[in-house]
Amino acid sequence: MPSQTLPPAKPAQGRHDMSVILVTGSYDHEIRFWEAWSGICSRTIARSGETGQVNRLAISPDKRLLAAAIHKKVNIYEIASSSSTPIHTFDGHTSNITSVSFHSQGKWLVTGSEDGTIKIWDLRSTHLHRNYNNEAPVNDVCVHPNQGELISCDQAGRIKQWDLSENICTHELTPAGDVPIRSVTLASDGSCLVAGNNKGKCYVWKINEEATGLPRFQAVTKFQAHSKYLTRCLLSPDVKYLATCSADTTVKIWSVSPNFEFKLEKVLQGHQRWVWDCAFSADSAYLVTASSDHTARLWEMASGDTVRQYNGHHKGRFFLS
């Protein structure tokens, strides 16, 4: 499970902030909270007796709530609580939920699913606020920094922009025909969009404001990131790096120039199986990755070294937040 990115930079005096928490989830049904720097598992939501694997995770902007996409539903947990009982559950999808993201003000939650719909849930009333029919299984959804648009990608090879005020799809991109688009990521300043597909290729668009008269999405480059299946692409908060995860067991770090040129800087090696997910620290100095080898790793961006490994899950795919 993707989303909020946790480890901060090392404090100047050389001591780590032990309060920073990393959250992981897996097909073993468990959700685990970790002290990022010590590697200690501080809390486990075991979900005993409850069915459904954990597909994705997201942490609210105020760090108060955790959203866990569990098969066809979303459980909302209080991070500060020790209870394993969710405070809310959103039901409505008819197939696996593949994406979950919070609105910047934490007022609503957006989910995408293999059932071909994108749903917006009101966290205050706990009701379904809006439903978009994408007409193909949704693989990823992210909220534009302007908070007024969503960007989704799907199994039919399409990338769509959804206008939240008009309640419609306003733009559609098909960069590689019907090759499924696996992951999308937006620059934190709204300047560019990167998408990765099942064949390991990345596509980049500059995002122009409507007032410029230029196309909303202006294709600037494409490149082969991996020779195998790409599972995740993610721009760093400072928009200086792109991380790509793959079935080839590696994570690649690409530098991003001001004119959107991408250059391979590092290949992070250490995972033994598919790498499914990643998340940057807020200062872009660290990256956390999760793999079906049942581990998560904390990498220092400057050196490319693993500085901490988290062990504990024992089944299948592995996601983080």
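Key figures
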read-out: Strands (runs of 3 or more DSSP E) within the stretch 222-321 that include 2 or more residues farther than 23 Å from Ile31 by Cα and open to solvent by 40 Å² or more (accessible area, probe 1.4 Å); value: 262-268
read-out: Unmet requirement for Ala187, which otherwise passes all of (1) farther than 16 Å from Cys278 by Cα; (2) among the small types (Gly, Ala, Ser); (3) in contact (Cβ under 8 Å) with a residue 40 or more places away in the chain; value: (1)
read-out: Breaking point among (1) open to solvent by less than 70 Å² (accessible area, probe 1.4 Å); (2) over 17 Å from Asp140 (Cβ atoms); (3) among the β-branched types (Val, Ile, Thr), for Thr212; value: (1)
read-out: Identity of the residue in the stretch 60-79, among the charged types (D, E, K, R) and either open to solvent by less than 70 Å² (accessible area, probe 1.4 Å) or free of Cβ contacts under 8 Å to residues at least 24 places away in the same chain (or both), that ends up farthest from Ile120 (Cα to Cα); value: Glu78
read-out: Residue check, Gly157 crowded, with 18+ Cβ neighbours inside 10 Å and assigned to a loop (DSSP other than H, G, I, E, B); value: yes
read-out: Matching residues in the stretch 188-202 - criterion: being surrounded by fewer than 22 Cβ atoms within 10 Å (Cβ to Cβ) and within 22 Å of Gln161 (Cβ to Cβ); value: Ser188, Asp189, Gly190, Ser191, Cys192, Asn198, Lys201
read-out: Flag for Asn131 being without any contact (Cβ under 8 Å) to a residue 40 or more places away in the chain and either part of a strand (DSSP E or B) or among the β-branched types (Val, Ile, Thr) (or both); value: yes
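The values are calculated or read from the model by the stated rules, or taken from the named source; none is laboratory data. Please read these numbers as outputs of a predicted model, since none were measured by experiment. Positions of Cβ are backbone-derived with ideal geometry, glycine not excepted, and every protein chain shown enters the neighbour counts. We work out accessible area using only protein heavy atoms, side chains counted, and drop any ligands, DNA or RNA first. Shrake-Rupley method; radii C 1.70, N 1.55, O 1.52, S 1.80 Å.
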